[in-house]
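Quick one: structure below, then a few questions.
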Amino acid sequence: QVQFVESGGGLVQPGGSLKLSCAASGVIGNLYNMAWYRQAPGKSRDFVAIIYRGGTTNYLDSVKGRFTISRDNAKSTIYLQMNNLKPEDTAVYYCNAYPANADYWGQGTQVSVSS
């Protein structure tokens, strides 16, 4: 059973940066396409970024040029570097396979962007 544990969130001012990490409890290597998702208060959980098994990436339009997804297959860890953060990026961030597997959701990590 694979589980993902997200970390690295926090409170940051607009324009600041954070780097999120997602560690898999099982060895996933390059087995899955992996993605970051986020859920803002009162909203549905939405796709943010994906990294395919071959390394190709894609992003939600509103984060293109600001966020970078990467993976370390040897460590079974996914990262999300977030720069120039905006208040509208405030949400709980989750990682999961893509498409998402309902059994793999973790607790997420809170990102709050506020002055």
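The values are calculated or read from the model by the stated rules, or taken from the named source; none is laboratory data. Please read all numbers here as calculations on a predicted model, not as lab measurements. All Cβ positions, even for glycine, are placed from backbone atoms using ideal geometry, and neighbour counts span all protein chains on display. Keep in mind that these areas ignore ligands, DNA and RNA; they rest on the heavy atoms of the full protein, side chains included. Shrake-Rupley method; radii C 1.70, N 1.55, O 1.52, S 1.80 Å.
So which residues in segment 70-90 are surrounded by fewer than 22 Cβ atoms within 10 Å (Cβ to Cβ), at pLDDT 95 or above and part of a strand (DSSP E or B)?
Residues satisfying the conditions are Ser70, Tyr79, Gln81.
If you check Lys43 against the conditions, is it modelled with pLDDT of 95 or more and either touching a Leu at 6+ places or on another chain (Cβ under 6 Å) or open to solvent by 70 Å² or more (accessible area, probe 1.4 Å) (or both)? Walk me through it before giving the result.
Working: modelled with pLDDT of 95 or more: yes; either touching a Leu at 6+ places or on another chain (Cβ under 6 Å) or open to solvent by 70 Å² or more (accessible area, probe 1.4 Å) (or both): yes.
Judged against the criteria, Lys43 is a match.
Pick out the one residue from Gly106, Gly65 that is open to solvent by less than 70 Å² (accessible area, probe 1.4 Å) and not in a strand (DSSP E or B).
Numbers: Gly65 fails: open to solvent by less than 70 Å² (accessible area, probe 1.4 Å).
That would be Gly106, the only listed residue that is open to solvent by less than 70 Å² (accessible area, probe 1.4 Å) and not in a strand (DSSP E or B).
Could I ask something else about it? Can you find a residue that is in contact with a Gly (Cβ under 7 Å, 6 or more places away or on another chain), polar (S, T, N, Q) and not in a loop (DSSP other than H, G, I, E, B) anywhere in segment 3-20?
no
Now, a different point. Exactly one of (1) open to solvent by 40 Å² or more (accessible area, probe 1.4 Å); (2) under 15 Å from Thr90 (Cα atoms) is unmet by Tyr37. Its number?
(1)
Another question, then. Looking at Tyr59, Tyr32, Tyr52, can you tell me which residue is under 19 Å from Val5 (Cβ atoms) and either modelled with pLDDT under 95 or aromatic (Phe, Trp, Tyr) (or both)?
Numbers: Tyr59 fails: under 19 Å from Val5 (Cβ atoms); Tyr52 fails: under 19 Å from Val5 (Cβ atoms).
Within the list Tyr59, Tyr32, Tyr52, the selection yields Tyr32.
In segment 51-62, how many are part of a helix (DSSP H, G or I) and either among the hydrophobic types (A, V, I, L, M, F, W, C) or surrounded by 14 or more Cβ atoms within 10 Å (Cβ to Cβ) (or both)?
0
Can I ask one more? Against the condition among the β-branched types (Val, Ile, Thr), touching a strand residue (DSSP E or B) at 6+ places or on another chain (Cβ under 8 Å), open to solvent by 50 Å² or more (accessible area, probe 1.4 Å) and in a strand (DSSP E or B), how does Val48 come out, does it pass? Give the steps one after another, and end with the answer.
Numbers: among the β-branched types (Val, Ile, Thr): yes; touching a strand residue (DSSP E or B) at 6+ places or on another chain (Cβ under 8 Å): yes; open to solvent by 50 Å² or more (accessible area, probe 1.4 Å): no; in a strand (DSSP E or B): yes.
The answer is no for Val48.
Could you please tell me which pairs satisfy a Cβ distance under 7 Å, a separation of 6+ or placement on different chains, a first residue in segment 1-14 that is at pLDDT 95 or above, and a second residue that is surrounded by 13 or more Cβ atoms within 10 Å (Cβ to Cβ) and part of a loop (DSSP other than H, G, I, E, B)?
Hits for this filter: Glu6/Gly106; Glu6/Gly108; Val12/Leu85; Pro14/Leu85; Pro14/Lys86.
Another one. Listed residues Ser17, Ser114; which is open to solvent by 50 Å² or more (accessible area, probe 1.4 Å), over 16 Å from the mean Cα position of the chain (by Cα) and touching a residue at least 40 places away in the same chain (Cβ under 8 Å)?
Values: Ser17 fails: over 16 Å from the mean Cα position of the chain (by Cα).
Ser114 is the lone residue from the list that is open to solvent by 50 Å² or more (accessible area, probe 1.4 Å), over 16 Å from the mean Cα position of the chain (by Cα) and touching a residue at least 40 places away in the same chain (Cβ under 8 Å).
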